[in-house]
1. For residues that are in contact (Cβ under 8 Å) with a residue 24 or more places away in the chain and out of contact with any strand residue (DSSP E or B) (no Cβ under 7 Å at 6 or more places or on another chain), scanning just the stretch 29-65, find the one that is surrounded by the most Cβ atoms within 10 Å (Cβ to Cβ).
2. May I ask you to verify whether residue 74 is at negative phi, out of contact with any strand residue (DSSP E or B) (no Cβ under 6 Å at 6 or more places or on another chain) and either at pLDDT 90 or above or loosely packed, with under 12 Cβ neighbours inside 10 Å (or both)?
3. State all residues of the stretch 22-39 that are modelled with pLDDT of 70 or more and part of a strand (DSSP E or B); if no residue qualifies, say none.
4. Could you run through the stretch 61-80 and say how many residues are under 21 Å from residue 27 (Cα atoms) and touching a helix residue (DSSP H, G or I) at 6+ places or on another chain (Cβ under 7 Å)?
5. Exactly one of these conditions fails for residue 79: (1) modelled with pLDDT of 95 or more; (2) outside any helix (DSSP H, G or I). Give me its number.
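The values are calculated or read from the model by the stated rules, or taken from the named source; none is laboratory data. Note that the coordinates shown come from a computational prediction; the quantities given were computed from them, not determined experimentally. FYI the Cβ positions are ideal-geometry reconstructions off the backbone, even for glycines, and counts take in every protein chain you see.
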């Protein structure tokens, strides 16, 4: 839950699944403010996870992404 002057952000997500080489591959794209343009996105494809906007992005492997998610869920990372 966000506190203080922080406002809740609307998030838009699109998810699709396909089978490739016998394995399910999920393509997920989450936009933090879909009503405006140029907002940060998180996009997961078969090649990894990209976070950011336009030229300001970081690319994570699936393993790095899973470690980040585990740390958030485990309470190591929290709201700022």
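1. Within the stretch 29-65, the match that is surrounded by the most Cβ atoms within 10 Å (Cβ to Cβ) is 33.
2. yes
3. Correct list: 26, 27, 28, 29, 30, 31.
4. 0
5. Looking at each condition in turn, residue 79 falls short on (1).
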